[in-house]
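Below is one structure, written out as structure tokens; the observations come after it.
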Amino acid sequence: MHALTREFPVISLTLGHRLERPSGQPETVLFSRHEDEFQDAVSALNEQCRLSLSEPPSLDEIVREYHSVCSTRQEKGLPPAVLEMEDSILIAAAAGRGGLVEAGIALAEDLAARWPKARLPLDWVSADAWLEGLADKAGDPEALEAIVSGQVRKHKLDKL
């Protein structure tokens, strides 16, 4: 995924999923065996991914996956998923999905209260300031539309 709801100089990807072995270790397909193993790897990756690789996921599925990733990172003690949490809320807001925005804000409040300060971004002021700024951005659909339109033009995505 790449959320167009923030100014960003390049297309980046979040919610990536690597093919894993049953042990949880990353699976690789060697170039020398690519032709023989490629289809099996595609099938396995399709089974492992929570979002469909064969058809576009719905907005609800995307936002729920962002929420799941944010919660899972918290549970595993990984660095806080600040940008992913923001993306989940701003995508929902840009689409006019108030219920998803509210669910995202509630999750963000819960997670931010538990994030260890030492693992937060260097420019982090406070959870309250972050939540307030996020709510302000989500509550301004015209500004979000302008950002999305600008990103579409900048990255030449208007034909997608």
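The values are calculated or read from the model by the stated rules, or taken from the named source; none is laboratory data. Note that the structure is predicted; figures quoted are calculated from it, not measured. Virtual Cβ from ideal backbone geometry, glycine too; neighbours counted across all protein chains shown. To get the accessible areas, we keep the full protein, side chains included, count just its heavy atoms, and leave off ligands, DNA and RNA. Shrake-Rupley method; radii C 1.70, N 1.55, O 1.52, S 1.80 Å.
What nm value, rounded to one decimal, do you get for the distance between Leu51 and Asp123 when each label is placed 7 Å out toward the C-beta? Inter-label distance under the simple model: 2.4 nm. Classified by the C-alpha gyration tensor, region 32-160 has an oblate form. Its axis ratio a/c, with a ≥ b ≥ c, is 1.5 or above, and a/b does not exceed b/c. Under the simplified labelling scheme, the Asp110-Glu132 pair shows an inter-label distance of 2.5 nm, with each label point 7 Å from Cα along Cα→Cβ.
The largest accessible area among Arg18, Arg114 belongs to the first residue in Arg18, Arg114, and the rest follow in falling order (1.4 Å probe, all chains).
Length gained on full extension, Thr28 to Glu75, computed as 0.36 nm times the residue gap minus the Cα-Cα distance: 14.3 nm. Calculated accessible area for the chain comes out at 66 Å² per residue, all protein chains present (probe 1.4 Å; ligands, DNA, RNA ignored). Restricting attention to the chain, the count of lysine pairs at 8 or more positions apart or across chains with alpha carbons under 26 Å apart stands at 4.
Could you tell me which of rounded, prolate or oblate describes region 16-83, using a ≥ b ≥ c as the square roots of the eigenvalues of the alpha-carbon gyration tensor, with rounded for a/c under 1.5 and, failing that, prolate when a/b is larger than b/c and oblate otherwise? The shape class here is oblate. Exposure check, 1.4 Å probe, all protein chains in place: Arg64 carries approximately 140 Å² of accessible surface.
Over the chain, what percent of the accessible surface lies on carbon and sulfur atoms, probe 1.4 Å? It is 54 percent, rounded to a whole number.
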